[in-house]
1. Quick check on region 498-550: of everything there that is within 18 Å of Pro386 (Cα to Cα) and acidic (Asp, Glu), which residue is farthest from the chain's Cα centre (by Cα)?
2. Examine region 510-527 for a residue that is more than 30 Å from Pro404 (Cβ to Cβ), of a type in the set (Ser, Thr, Tyr) and touching a residue at least 12 places away in the same chain (Cβ under 8 Å), and state whether such a residue exists.
3. If you go through region 30-42 one residue at a time, how many are loosely packed, with under 12 Cβ neighbours inside 10 Å and farther than 14 Å from Ser246 by Cα?
4. Would you mind listing the helices (runs of 4 or more DSSP H) fully within region 583-683 where at least 2 residues are surrounded by fewer than 16 Cβ atoms within 10 Å (Cβ to Cβ) and not assigned by TED's automatic domain parsing to the domain that holds Cys311?
5. Output the residue which, of all residues in region 541-568 that are out of contact with any strand residue (DSSP E or B) (no Cβ under 7 Å at 6 or more places or on another chain) and either free of Cβ contacts under 8 Å to residues at least 12 places away in the same chain or of a type in the set (D, E, K, R) (or both), is nearest to Ile667 (Cα to Cα).
6. Any chance region 121-139 includes a residue that's buried (at least 17 other Cβ atoms within 10 Å of the Cβ), at pLDDT below 95 and not in a helix (DSSP H, G or I)?
7. Working only within region 281-326, note down all residues that are closer than 26 Å to Glu516 by Cβ, part of a helix (DSSP H, G or I) and touching a Cys at 6+ places or on another chain (Cβ under 7 Å).
8. So, Met182, is that one closer than 15 Å to Thr109 by Cβ and surrounded by fewer than 13 Cβ atoms within 10 Å (Cβ to Cβ) or not?
Amino acid sequence: MTLTHLTFILLLFLTLGIFARTTVKYIRLFRVTKPAFPLKNIPARIRVVLKVAFGQSKILQRPVIGFLHALVFWGFLVILVGSFEMVVDGLTGQERSFHELGDVYDFLTAATDVLAPVIAVAVIIFWIRRNVFHVRRYDGPEITRKSHRDANITLALIFLLMLTLSGMNLLYLAYGMRTGRMIYGSFPVSAAWMPAFLSGAAPEVMTEYYRILWWVHILTIFFFANYLPYSKHFHVYLSIPNVFLSRPYPMGKLPDMPEVTKEVKAMAGGEEIPEEGMPDVLPGRFGILDVEDITWKNYLDSLTCTQCGRCTSVCPVHLAGGVLSPRKVMMNTRERMDEKAPGLLKGVGTDDGKSLLGVYITDDELWACTLCDACVRECPLNINQPELILGLRRYQVLEKASAPTEWNTVYTHVENNGALWKVSGADRMKWSEGLCLQTGDGQSRKIEVPVMGVLLSRGHTPEYLLWVGSAGAFDSRYKKVIRAFVKILEYLEIDYAVLGEEETSSGDFARRTGNEMLFLMQAFANIKKFHGYGIRKVITCDPHVYNTFKNEYPDFGEALQVIHHTQFLKQHLEQLTAKAGKTFFGEKKVTYHDPCYLGRINKEFEAPRQVIRAMGLKIREMPRNKANALCCGGGGGQMFRESGHGENEIFLQRTTEALDTGSEMIITACPYCMTMIGDGLKYKHREKEVINMDVAELVAGRLGI
């Protein structure tokens, strides 16, 4: 065994030893965390990995820079094979140990030869974007000088790896051609470059330079391997595992609190909720105060976070000048875990007078989130920032009873009246008073909106329950939407009914603001009614209710067929357009605003657009539309809370985007969106010249009913 061979073996084992020590350290830190969800449905997880991790589907949402990043990722996958080969070469003393792979080896070496300079160029572009152009999302209060230095060190190491790899390929090919030695592999780029760089070099010089580059390259790999776990680029190791361990439920679904569910279920005197999939946990507290309250998935998310700022760059609160930064939430979690977890594991030094909530993440940050999930969609590694924010909200609301005053007022309304406003439940049907349907002969007939309880007493269960909602029943503007939609139901002769005075809040507001107890009380009350009336199909005009019934009520044994009213209208377009006359709104220029909980979260983009087009109108799309649509600013409880951003309010930004299309009509499909866009038009004094209208009103107007 030569000294060189022995040196390599010692360095390799030193590298592996340090890496193993680091790995054990991080594994031990996970002992501090709580359970999250069971690992099931492996085939589906593999499909997600193939699409998101290997296919880089979310990175490619930003095509140009995304493609460069994808090239770097794909290139590393190929080059990684060569790195393993170098380790084998170093251990065995051989050269090109994998050459017996034949054509596969030729392909891999050719791909490596092409991709190394490509990655080097990409790294230069990344460096210029960060240090010359100062891309905005790379900065922020949470991004310190250390973070920038860390990014530049990583870029420099990658560049050095690609430079040495290209040099090795060049020297290997040139030496073989000069000496007639057997060349294993294919090197198309090196063959093109060789005459310019090595036309007169002596073989012994090539050999010496090759050895130097080989050692520089392998030592850089060894250093890089142990540097990554302590840098912002830990995702190089964790990205694929984190994507594989993605949350096994829809984006708009919030995690349950089994301990609260059991308590509320017991209070309700009902049957036990099935416990399959629910961790058997007896928490010291409800919600998240500090890192010992987070789940293993929350912590894995924080370790995987690349600090790229994509989440923060699309956060409506951040864009409006608010203090919330989803990236900061992840960075704070990792920082706090590093600070507190060692003491927790040793059982000493746990009371340092600080906590994740309050010191690292302030109340202003967690109250401001609209839970629009723009950050979740944008994150290339399937990190869920709102889940952590919600956990912090739950602690404040359930443990400290410390929600914003406006939210506490709404909680009281829901508890007392089952509505989001201070109204009487006895007034829930007032919206239907004087409702008439225009008939084809110029006459009209009075509409008696059917009520579920009355129909049941007659022995009839209707096909659909129309969920009116608090806004439909009590908001002066949105009452018009419900009235318009009921006219359409009557026009189509649909078998439907409403709950009337029995209807109560879906609990969506309570859950998303952190009051899980109130949400469950509402959910169980509603589920009991659904079972009692044999309700299987629900139509709603509210995307938030749509999401709650569709994605969250099934956890409590209620699997409904939930239909948003735009989806229902699309299903009946043939009937709706068969007798419709000339376009009621003439040639008005219109734009459509995608509600977060219908579009981005539940991926329904086409139904409302098809209905609008069927009404004879052409849509002028806003720059941010469909999955990229900017939140109206009303979700996550914000419609009932003053954010105080003045001229930069979220709803004003979205209204401005709509107005910039030159449209005379802004069409929405959500009560929150209608309210926020309506407020924006009033703020800009454009409410008289620009119409704010729901899709249902558009259809009713076209039908002349």
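1. Residue satisfying both the conditions and the ranking: Glu516.
2. To start, the set of residues in region 510-527 that are more than 30 Å from Pro404 (Cβ to Cβ) comprises none.
Looking for residues that are more than 30 Å from Pro404 (Cβ to Cβ), of a type in the set (Ser, Thr, Tyr) and touching a residue at least 12 places away in the same chain (Cβ under 8 Å), one finds none in region 510-527, hence no.
3. Our first condition is that a residue be loosely packed, with under 12 Cβ neighbours inside 10 Å; within region 30-42, this holds for 31, 38-42.
If we keep only those that are farther than 14 Å from Ser246 by Cα too, we end up with 31.
Selection size over region 30-42: 1.
4. Working: elements: 606-614, 650-659, 671-683.
So the answer is 606-614, 671-683.
5. Residue satisfying both the conditions and the ranking: Asp542.
6. No: region 121-139 contains no residue that is buried (at least 17 other Cβ atoms within 10 Å of the Cβ), at pLDDT below 95 and not in a helix (DSSP H, G or I).
7. Across region 281-326, the qualifying residues are Cys311, Pro316, Val317, Pro326.
8. Working: closer than 15 Å to Thr109 by Cβ: yes; surrounded by fewer than 13 Cβ atoms within 10 Å (Cβ to Cβ): yes.
When the stated conditions are applied, Met182 passes them.
The values are calculated or read from the model by the stated rules, or taken from the named source; none is laboratory data. Everything numeric in this text was worked out from a predicted model, so none of it was measured. Every residue, glycine as well, gets a Cβ built from its backbone with ideal geometry; the counts of neighbours run over all protein chains shown.
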